[in-house]
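**Student:** Sharing a structure below in structure tokens format, with a few things to ask.
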Amino acid sequence: MIRVFLADDDALVRGGLRALLGAERDIVVVGEAANGTQAVHGVRASRPDVVLMDVRMPGHDGVRATREITSWPRPRPRVLVLTTFDLDEIVDDAIAAGADGFLLKRATPEQVVEGIRTVAGGDAAPAPSVTRRRFET
């Protein structure tokens, strides 16, 4: 069973992700947070396998929370960034913070589920558009 923590300031997004993931037999949502500070505390308490982390949240943002979580000793939760922002700067910041994957919120439900399974399995999960753009430059 893959234990997932949701960190997004939009309650509707969290609710949609919770419903999507609740339909999967091998995934369970173990906690939620509306900002980075709550995410760090919630992740520390629930010890999920994967954190779905929004980048832009009030206060302690997702990049800062990712950096803190990925600095923990292993085994640590894997962080999959899920954001609306398809900008090189944000991708670079998330990767520099130690994110294990990067997906855009326009990803299909199947891509989100597969991204969770991929990072839980120890691999990276880059967004296809980000990967394509990187190879084009």
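The values are calculated or read from the model by the stated rules, or taken from the named source; none is laboratory data. Just so you know, these numbers come straight off a predicted model, no measurement behind them. Glycine gets a Cβ as well: all are built from the backbone with ideal geometry, and neighbour counts include every protein chain shown. Accessible surface areas use protein heavy atoms only, side chains included; no ligands, DNA or RNA. Shrake-Rupley method; radii C 1.70, N 1.55, O 1.52, S 1.80 Å.
**Student:** Assuming 0.36 nm per residue, please report the length gained on full extension of the stretch residue 74 to residue 28 beyond their Cα-Cα distance.
**Tutor:** The span from residue 74 to residue 28 would gain 14.4 nm if fully extended.
**Student:** Additional query: List every residue whose amide H lies under 5 Å from the amide H of residue 49, counting only residues 5 or more places away in sequence or on a different chain, with H placed 1.01 Å from N in the peptide plane.
**Tutor:** Counting only residues 5 or more places away or on other chains, the set is 3, 4.
**Student:** Still on this structure: Please compute the per residue accessible area over the stretch 1-48 with all protein chains in place, 1.4 Å probe, rounded to a whole number of Å².
**Tutor:** The answer is 50 Å² per residue.
**Student:** Just to be sure I understand the model, the point goes 7 Å from the Cα along the line to the Cβ. What's the resulting residue 18 to residue 44 distance in nm?
**Tutor:** In this crude spin-label approximation the distance works out to 2.3 nm.
**Student:** Let me ask something additional. Give me a comma-separated list of calculated 3J(HN,Hα) values for the stretch 38-47, in order, Karplus coefficients 6.51, -1.76, 1.60 applied at θ = phi - 60°, integers in Hz, x for any Gly or Pro.
**Tutor:** 4, 4, 4, 5, x, 5, 4, 6, 9, 6
**Student:** Please report, for the Cα atoms of the stretch 40-105, the Rg to one decimal and the Dmax as a whole number; what are they, in angstrom?
**Tutor:** Rg then Dmax for the stretch 40-105, in Å: 11.0, 32.
**Student:** Give the label of the value calculated from the structure for Rg/Rh (Cα atoms, Kirkwood Rh), choosing from (i) 1.13; (ii) 0.93; (iii) 1.04.
**Tutor:** This structure yields the entry labelled (ii).
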